[in-house]
Every structure is written in C-alpha cells, then in structure tokens.
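The values are calculated or read from the model by the stated rules, or taken from the named source; none is laboratory data. Model, not experiment: these values are computed from the prediction. Cβ sites come from the backbone with ideal geometry, for glycine too, and all protein chains shown count toward neighbours.
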Amino acid sequence: MRIAIIHHQYQRKGGMERYLFDLLEGFSQQNDNSIVLVYKQDQTIKPVDRSSVIKYSLNWLPRVLRKYYFAYRLSKDHKRDSFDCTISLMRSMSQDLIVSGGTHCGFLAHTDKKPSLWDRCEIFAEQKSFEVSKGIIAHSKMIADEIQRYYAIAPEKIHCILPPINTQRFHKGIRNAREALRQKWNIQSNKMTLLFPSTGHKRKGIEPLLKALELLPQDRYELLIAGDELTKNKIPANVRCLGFVNDMAELYAAVDITILPSFYEPFGLVVPESLACGTPVIVSPFVGAKDLLNDSYGIVMPSVSVQAIKQAIERASLQQFSIPEDFSQRHNLTIEAHINKIKNVVAA
C-alpha cells in the first residue's frame, strides 16, 4: 500500500508524535510505503524505512495561523487518489481517515473552560475534519462517545481502535533487572513508590495528588514525577522531580504503582505502557484507558479529590496485583495488530 500521513510536525515530542512513528514502523514492517506531510520537521531524525517526509515551509506565517493554512493548502495540493489511503493526525480536510486522540469540546467540558475565539476556531476545524473524513479512528470509547455527543457524527463512521505500544521497549522482561533499576533511581524497599508521568500537570491532577501525598506518612510513601518540572516553590518532602526521562520503560519497571488522576485524559498511553512493564496503575474515571483495567491490573478512583486519591493509594498498598506476561498481545495493543485494524477499516 501507499500511505500518506498528515501531521503538523515530524518530531519526537508528545503522544501523537509517538503514534506517528509507530504507524510508520508498522507500515514499514508490512512493506508499505509512507509519505508524511508536515510543516515542522526535526532534521536530525533519521527517516523510518520505506518512508519519506514532505515539509511545507510556513515560517512566513504567524504561528497561530500555520495549522489552519496548512490544512487549507493540503486541501488544494494533496492528491488523495495517488495513495491507497490518507490518514490525518490533525484537524485537516484532505484525508480518508482521521485519528482522534481527544476532542476539543470534550476538553472544554471536563475542564469547565469558557470557549474563547481560538477555542471556537478549533471546534469548527474539528467538526469539518470529522465531516469530510470517510472514517474516524477514535483512540478510546470515551473519545468515540464525545465525537457522537458533541459533533453529531453517525456512530457507524467511528471506529474505536486503541493506540498501540512498542512491545520492543515496553515489556515485562525489564523487571528481571528490577533491583538494579530501583538502586539506579534510589527507590527504597521500605517505601511504596508511585510514578506520575506528566507533561501537563494541572490537567493531570497534580494539585490534589500533592495534597494527598501530604496526608500520607512520608516514611512509607514516595512520589516520583517524570516530565515537566514543578513550578511550585514548596512540595512535600516525599516528592521527587526527575525531569524528562528518556527510558520510561525502566522507570515503570522500577516503581510500585503508576498514578494518573487526570481531570481529562482521552486515552492515556502511560497506562498500557506501565501495565506492559508489569506495574499496576491508579487512574481517575476520566482516563480513557480505564477500560483496560480490572482488579488485577489496577484501581479506578470514583473521583478526582484529595481523599479519593489518598484512599486509592492506601488500598493499592494492601492489594495484590497480577499482570500477565502477554498483556499487550491479549489486548491487541501491538503495532502489528493496530496496523491490521486500520487496514480492515480501509478495506471496508
């Protein structure tokens, strides 16, 4: 197959960028050729086999307008009939399939934010991108429900396909070196160590999480924060900020629990990544990946409150969890399985 993928940037940054490279690797492994259409590119990144990048130069435009103009240019320039399928990872208008990792209306509803002019532009672009696409891939049931509720899209047009994880990086075998990893990260055996992976702390529940840590005995519980540094001057003594961590798989395997008390998390890739490494999770009811959980895998809190977080941590310290070696395969979260599902949608 010849695949075109639309995204605003070819860089290794957030979750959608990781997903972009997973798609490229997956298509390459099945001998498909991919072209990526972007307007930002990290030139130091080596192209994935059987793929190439076409960059539009839009530096002459104000930054706030680039995504919109890029979508407009592609609607004029991109020849869909030259490809077997065009997949967009952003709000555009020249694709066969669009991938939704979350909706703007859903974000506003969960955060009680009053829509600004920019928000209204984003919603308008999102509505159009859903309408022009032949199919929509929603990365969780939560997202699929939001697309129907807020954008009035017919359910038969929406395909719920969870994003994949890289099983070469995230797997339970890493736990074979767990003691060495715990020493590397200075994790003590007499404490329960929680991991909070985050690059958007407020939305992901940092404030109630820190307050919950203050209520727990500091000699028994510890929180590691991987990602953005905290801007607060005062944090509890049992909280350590690690900054950006390059090998998250090692950190997942080293800690006792991964926690994500988000106010809004359309999927939450850190959840299956942690589980694949054998580490259970605590999540809020507003995390799309909660649908993967059962009592053996982790805890879904009833709300995002200080007391709910505290009680979930205390419960986790007493609970026995059991995550199978083949977690990713059981839940069809491999890159190969994901590519096959996309191809089934294309063929339908």
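The table below lists the values:
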quantity: Leading residue by the ranking (modelled with the highest pLDDT) among those in segment 214-236 that are of a type in the set (A, V, I, L, M) and surrounded by fewer than 20 Cβ atoms within 10 Å (Cβ to Cβ); calculated: LEU215
quantity: Extreme residue, nearest to VAL64 (Cα to Cα), among residues of segment 125-181 that are basic (Lys, Arg) and in a loop (DSSP other than H, G, I, E, B); calculated: LYS134
quantity: Per-region count, segment 199-209, residues surrounded by 21 or more Cβ atoms within 10 Å (Cβ to Cβ) and in contact with a helix residue (DSSP H, G or I) (Cβ under 9 Å, 6 or more places away or on another chain); calculated: 2
quantity: Residue list for segment 241-259, filter: in contact with a helix residue (DSSP H, G or I) (Cβ under 6 Å, 6 or more places away or on another chain) and not in a helix (DSSP H, G or I); calculated: VAL245, ILE257, THR258
quantity: Verdict on VAL239 being out of contact with any Ser or Thr (no Cβ under 8 Å at 6 or more places or on another chain) and buried (at least 20 other Cβ atoms within 10 Å of the Cβ); calculated: yes
quantity: Residue identified as in contact (Cβ under 8 Å) with a residue 40 or more places away in the chain and more than 24 Å from the chain's Cα centre (by Cα) among ARG175, ARG203, ARG182; calculated: ARG182
quantity: Single residue of segment 20-50 satisfying the filter (among the hydroxyl-bearing types (Ser, Thr, Tyr) and surrounded by 20 or more Cβ atoms within 10 Å (Cβ to Cβ)) that is farthest from ALA4 (Cα to Cα); calculated: TYR39
quantity: Segment 264-318 - residue that is part of a helix (DSSP H, G or I) and among the charged types (D, E, K, R) and, of those, farthest from THR193 (Cα to Cα); calculated: ASP291
quantity: Residue under evaluation MET16, criteria (1) crowded, with 21+ Cβ neighbours inside 10 Å; (2) out of contact with any Phe, Trp or Tyr (no Cβ under 9 Å at 6 or more places or on another chain); (3) closer than 26 Å to GLY288 by Cα, criterion not met; calculated: (1)
quantity: Residue in segment 126-172 that is farthest from PHE327 (Cα to Cα), counting only those that are among the small types (Gly, Ala, Ser) and surrounded by fewer than 18 Cβ atoms within 10 Å (Cβ to Cβ); calculated: ALA152
quantity: Some residue of segment 127-136 being over 16 Å from ILE87 (Cα atoms), in contact with a Pro (Cβ under 9 Å, 6 or more places away or on another chain) and not β-branched (Val, Ile, Thr); calculated: no
quantity: Residue match in segment 140-147 (condition: assigned by TED's automatic domain parsing to the domain that holds LEU20, in contact with a Phe, Trp or Tyr (Cβ under 8 Å, 6 or more places away or on another chain) and among the hydroxyl-bearing types (Ser, Thr, Tyr)); calculated: yes
